[in-house]
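The values are calculated or read from the model by the stated rules, or taken from the named source; none is laboratory data. Computed from a prediction, not measured in an experiment: that's the story for all the values here. Note that each Cβ is placed from the backbone with ideal geometry, even for glycine, and that neighbours are counted across all protein chains shown.
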Amino acid sequence: MMVYILNVFQLWSLCEALLSDISQPVSFQAVKLGDRVSITCHIQHDAPRMRVWYKLTTGKRLQLVASTDTLYNLTIFKEPSQHFLVKAESFKSHLTISKTIQEDTGTYYCGVLTLNKCEFGQGTFLLIKGTNLISDAVIHQSESQTVQLADSVTLSCSVHSAQCAPEHTSITWMKNSENSAPEMIYSSGNENTCQMAESGEMICVYNLFIWNLTLDDAGTYYCAVTSCGHAMFGNGTTIKIHARVTKLHDISPAFIALMLSNIILGIATLLLAWAHWKNHRKDLKSIRSGVIYASVSSAPRISACRSPVKNSQDTVVYSDVRVCQRD
């Protein structure tokens, strides 16, 4: 682990990682042992003359695979052989492996170099499948699952072997998803149980526990078994995560009653406020009209002096009052 950290530190301390200008469109490739495979790399601008390919191994070691000088069309490989081929042009740099071997498993990074920086792609993880190098060994992975957000899940990987003891067997979990580059998850601390079957073979089960799932945990998980110096891979378990939808029956009755009472109280408050506003508006309208109506009644009486009463069609009655002295 320390060697890996030092390698990464040395690389990125010399280079500024700019991932936007270099694209590795395929983040995960799985091929059979012995097949020919090409890892593509596209460059968005006319890149500098120096191109490089780095490989991050399953043991977390950073290795230089090849460097190309496009001016002289010269490619230098770390280990001279016909195993790797590089095709470098103005806007692309493709790495080809003529015949894959087990050691080719890893993440490959395409990069370009200048005097003051280097730029790398997001990486392509290459998985070599069908490499059953453990005699009579078989790997079974758990079925693909669809789970809810924040749930927990257990992935299992069972190894059936008749020749290699459990103490010489280890597991490495690897994850691939559409939203991120492939990553490796070490199995240290994961529970494993082994038992002898009636057929005489040893069956070991290795579990990977994932708690409080987030959307970033979605993807396909592969278990890589290393046993007695050899390795093989499972077929992968796909985890799909759906956001949890709260249903009505999941809500407590007390919460529902509280919500209903708050709604009723709010409606009642609005009605009272509306009625108060309506009455206040009516009073303001009456005051602004400037007319106060009052009825005056008097008992009929005989008077020597009586003023004439003027009537009109209006509802307002105008009258004169005179004071007279009786005889």
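The set of residues in region 167-184 being at pLDDT 75 or above and surrounded by 17 or more Cβ atoms within 10 Å (Cβ to Cβ) consists of THR169, ILE171, THR172, TRP173, MET174, LYS175, ASN176, SER177. Which ones in region 94-110 are modelled with pLDDT of 90 or more and among the small types (Gly, Ala, Ser)? Hit for region 94-110 is SER98, nothing else.
The set of residues from region 187-212 being surrounded by 15 or more Cβ atoms within 10 Å (Cβ to Cβ), modelled with pLDDT under 85 and under 28 Å from the mean Cα position of the chain (by Cα) comprises SER187, ASN190. Filtering region 213-250 down to residues that are hydroxyl-bearing (Ser, Thr, Tyr) and modelled with pLDDT of 80 or more, which residue is surrounded by the fewest Cβ atoms within 10 Å (Cβ to Cβ)? Ranking the candidates gives THR214 first. Listed by first and then second residue, the pairs with beta-carbon distance under 9 Å, at least 6 apart or on different chains, first residue in region 206-221 and on the phi > 0 side of the Ramachandran plot and in the same structural domain as GLN195 (by TED's automatic domain parsing), second loosely packed, with under 11 Cβ neighbours inside 10 Å and modelled with pLDDT under 90, are GLY219/GLU178; GLY219/ASN179.
Can you report the number of residues in region 27-63 which are modelled with pLDDT under 80 and of a type in the set (Ser, Thr, Tyr)? Adding up the residues that qualify gives 2.
Please go through region 1-26 and pick out each residue that is among the polar types (S, T, N, Q) and modelled with pLDDT under 55.
Here is the first cut: in region 1-26, the residues among the polar types (S, T, N, Q) are 7, 10, 13, 20, 23-24.
Passing the criteria: ASN7, GLN10, SER13.
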